[in-house]
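In what follows, a single structure is set out as structure tokens and then discussed.
The values are calculated or read from the model by the stated rules, or taken from the named source; none is laboratory data. Here the structure is a predicted model, which means the values were calculated and not measured. All Cβ positions, glycine included, derive from the backbone under ideal geometry; neighbour counts span all protein chains shown. For the accessible areas, the whole protein counts, side chains as well, though only heavy atoms, and no ligand, DNA or RNA atoms are used. Shrake-Rupley method; radii C 1.70, N 1.55, O 1.52, S 1.80 Å.
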Amino acid sequence: MKKWLMLMCGILAMTLTGCASGSGDEQPNESGPKKVVLSVHTASEYYKSAKAEFEALHPNTTIEIKEYKSEGGNAEADFEKYVQTTNTQILSGKGADLIDLNVAGLQVGKYVNKNALVNLTELMEQDKSFNKDHYYMNIFEHAKMNDGLYVLPTRFFLDTLLGDREAITASQLQIDDKHWTWSEFAQAGKQLHEKNGRYAIGNTPPEQMLGYLVTDNYTELVDSSTSNAKFQSPFFIDMLGQVKDMYDDKVITTDPLGIGEAYFYPLLLLSPSDYFTESISFFKQGKVYRKPHTSEQPSGVSFRGANPIAINANSKVKPEAWEFLKFLLSDQFQSKADQQGFAVNKLANEKVMNQLVEKGKVSSVTGEDVPVTATGMEILKQMIADASIFIQEDSKIQSIISEEAVAYFSGQKSAEDVASLIQNRVTTYLNE
């Protein structure tokens, strides 16, 4: 759990971005050189190398990276100012041509709702040079908001569970993780605890567990197209009860558990090699399981978008901005080493997979050689093909839920009362 949380923090820290002045500043005439402004919080090597390689291929276009991070400044103050400035600029029709959006506090739902971002689905359809066969279109399809792809994930992560396959097999418990729901997970965890007193998941407060379920079901609870919340729905009230039952039935505990002491640990797969190396990181015989889903959701694999980027609807250089996005998705750039996450480009990702299978092994963080099998790789490929549960979250909404849910889990308030409080606070936030 600690490792998983550290990974998430690391990912956010490496991709935090910002926004600066407007995109149309002193743009040359239509036939002359063009400047595309890319807003970032910190100018990472990822974008620096993209800029250099793209400009070498497109000498008539300059990519200007506007960094928001101040030298020697207060990091927290920088981020707070950045979020406020970016939200104000984008929602008022200003801002950079391209915006990297992986920052907590950015009101992406409002951007989309107010048509402040370009619908990239339309550009993909109109551009004959864009070959859909080269990409995992299921990733793009399920990352849509308001029936359009406004925020482009240039990489992605698979959100899974790492389980103790040896102990689960010994318990003679059958798990069909391709179709299991959280209710079935709870039943399995209850049976496992009754046999030997071992918890399914540890180190997790109930409000945090609730947050996991909310992110998987965000669109069921928040309608960004109308800025409406649905936290007083039976769906959310049942979710509160379901989470509480998992603690009452000793399926999950807030108690700190060491490596290998729980049956399952949340696992964010960052690369094809992770599928093999992480299986031995907590257990002698571990297995990557698909995360359970709610009974209202179809079966699928949860995923998170990485390195998300969008085109400002008010940009004066949309064609050039789109060319830069296509370069980020190209076989050439997606195949570059040292990029976190799975490539959304099929050819680039499968190239890495094939190389791993041919090598037959991969080194773990401890230096141990882990076998890479063709069978295991086919399972991973199927998981990617089945990726359909897009994890969305708004840090402000998550904070509201966490703050108010504590009163329910401690027995101070009813689920209905807590749901009402969350509904009121989220509705106020959405309509600010």
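Quick test for you: out of 130, 79, pick the one residue that is of a type outside the set (Ser, Thr, Tyr) and in a loop (DSSP other than H, G, I, E, B). Full working, then the answer.
Values: 79 fails: in a loop (DSSP other than H, G, I, E, B).
Answer to the selection: 130.
How many of the residues in region 380-393 are touching a residue at least 40 places away in the same chain (Cβ under 8 Å) and open to solvent by 20 Å² or more (accessible area, probe 1.4 Å)?
So the answer is 6.
Which condition number in (1) crowded, with 22+ Cβ neighbours inside 10 Å; (2) in contact with a helix residue (DSSP H, G or I) (Cβ under 7 Å, 6 or more places away or on another chain); (3) part of a helix (DSSP H, G or I) is the one that residue 278 fails?
(2)
Would you mind telling me which numbered condition in (1) open to solvent by 40 Å² or more (accessible area, probe 1.4 Å); (2) under 27 Å from the mean Cα position of the chain (by Cα) residue 397 fails?
Going through the list (1) open to solvent by 40 Å² or more (accessible area, probe 1.4 Å); (2) under 27 Å from the mean Cα position of the chain (by Cα), residue 397 breaks only (1).
Output yes when any residue across region 347-355 is outside any helix (DSSP H, G or I), open to solvent by 30 Å² or more (accessible area, probe 1.4 Å), at negative phi and not hydroxyl-bearing (Ser, Thr, Tyr), and no when none is. Even if it seems obvious, please write down each step before you answer.
Of region 347-355, the ones outside any helix (DSSP H, G or I) are none.
No, because not a single residue in region 347-355 is outside any helix (DSSP H, G or I), open to solvent by 30 Å² or more (accessible area, probe 1.4 Å), at negative phi and not hydroxyl-bearing (Ser, Thr, Tyr).
Do we find that residue 257 is modelled with pLDDT of 95 or more and either open to solvent by 20 Å² or more (accessible area, probe 1.4 Å) or not in a helix (DSSP H, G or I) (or both) in this structure?
Values: modelled with pLDDT of 95 or more: no; either open to solvent by 20 Å² or more (accessible area, probe 1.4 Å) or not in a helix (DSSP H, G or I) (or both): yes.
Here the answer is no, as residue 257 does not meet what is asked.
Filter region 285-295 for residues that are closer than 8 Å to residue 164 by Cα and either of a type in the set (Gly, Ala, Ser) or over 22 Å from the mean Cα position of the chain (by Cα) (or both); which is surrounded by the most Cβ atoms within 10 Å (Cβ to Cβ)?
Within region 285-295, the first condition is being closer than 8 Å to residue 164 by Cα, and the residues that meet it are 285-287.
In the following step, the residues that additionally are either of a type in the set (Gly, Ala, Ser) or over 22 Å from the mean Cα position of the chain (by Cα) (or both) were identified as 285-286.
Values: 285: 13, 286: 20.
Among residues in region 285-295 that are closer than 8 Å to residue 164 by Cα and either of a type in the set (Gly, Ala, Ser) or over 22 Å from the mean Cα position of the chain (by Cα) (or both), the one surrounded by the most Cβ atoms within 10 Å (Cβ to Cβ) is 286.
Say whether the condition of being within 15 Å of residue 327 (Cα to Cα), open to solvent by less than 60 Å² (accessible area, probe 1.4 Å), touching a residue at least 60 places away in the same chain (Cβ under 8 Å) and not in a loop (DSSP other than H, G, I, E, B) is met by at least one residue in region 90-99. Before you say what the answer is, go through the steps one by one.
Pass one, region 90-99, residues within 15 Å of residue 327 (Cα to Cα): 98.
Imposing the further condition that a residue be open to solvent by less than 60 Å² (accessible area, probe 1.4 Å) reduces the set to 98.
Pick out the ones that are also touching a residue at least 60 places away in the same chain (Cβ under 8 Å) and you get 98.
From the residues that got through so far, the ones that are not in a loop (DSSP other than H, G, I, E, B) too are 98.
Yes.
Does residue 235 satisfy the criteria of being farther than 30 Å from residue 432 by Cα, assigned to a helix (DSSP H, G or I) and not small (Gly, Ala, Ser)? Lay out the reasoning, then the answer.
Details: farther than 30 Å from residue 432 by Cα: no; assigned to a helix (DSSP H, G or I): yes; not small (Gly, Ala, Ser): yes.
Spelling it out, it is not the case that residue 235 is farther than 30 Å from residue 432 by Cα, assigned to a helix (DSSP H, G or I) and not small (Gly, Ala, Ser).
Can you find, within region 414-432, the residue that is least open to solvent (accessible area, probe 1.4 Å) among those that are modelled with pLDDT of 95 or more and of a type in the set (Asp, Glu)?
By that ranking, first place goes to 417.
Give the number of residues within region 211-241 that are closer than 19 Å to residue 111 by Cα and either aliphatic (A, V, I, L, M) or touching a Leu at 6+ places or on another chain (Cβ under 6 Å) (or both).
Residues flagged as closer than 19 Å to residue 111 by Cα and either aliphatic (A, V, I, L, M) or touching a Leu at 6+ places or on another chain (Cβ under 6 Å) (or both) within region 211-241 amount to 4.
Check region 310-322 and report whether any residue there is under 22 Å from the mean Cα position of the chain (by Cα) and either within 30 Å of residue 354 (Cβ to Cβ) or modelled with pLDDT under 95 (or both).
Step one: of region 310-322, the residues under 22 Å from the mean Cα position of the chain (by Cα) are 310-312.
From the residues that got through so far, the ones that are either within 30 Å of residue 354 (Cβ to Cβ) or modelled with pLDDT under 95 (or both) too are none.
Checking region 310-322: not a single residue is under 22 Å from the mean Cα position of the chain (by Cα) and either within 30 Å of residue 354 (Cβ to Cβ) or modelled with pLDDT under 95 (or both).
If you check residue 411 against the conditions, is it of a type outside the set (D, E, K, R), open to solvent by 30 Å² or more (accessible area, probe 1.4 Å) and outside any strand (DSSP E or B)? Steps first, answer last, please.
On the way: of a type outside the set (D, E, K, R): yes; open to solvent by 30 Å² or more (accessible area, probe 1.4 Å): yes; outside any strand (DSSP E or B): yes.
Judged against the criteria, residue 411 is a match.
One residue is enough: does region 202-223 have a residue meeting the conditions assigned to a helix (DSSP H, G or I), at pLDDT below 95 and surrounded by fewer than 16 Cβ atoms within 10 Å (Cβ to Cβ)?
Among the residues of region 202-223, at least one is assigned to a helix (DSSP H, G or I), at pLDDT below 95 and surrounded by fewer than 16 Cβ atoms within 10 Å (Cβ to Cβ), which makes the answer yes.
Run residue 366 past the list (1) closer than 18 Å to residue 270 by Cβ; (2) part of a strand (DSSP E or B) and report the number of the one that doesn't hold.
Status for residue 366: all satisfied but (2).
Of all residues in region 55-83 being modelled with pLDDT under 95 and of a type in the set (S, T, N, Q), which is surrounded by the most Cβ atoms within 10 Å (Cβ to Cβ)?
Restricting to residues being modelled with pLDDT under 95 and of a type in the set (S, T, N, Q), the top hit is 70.
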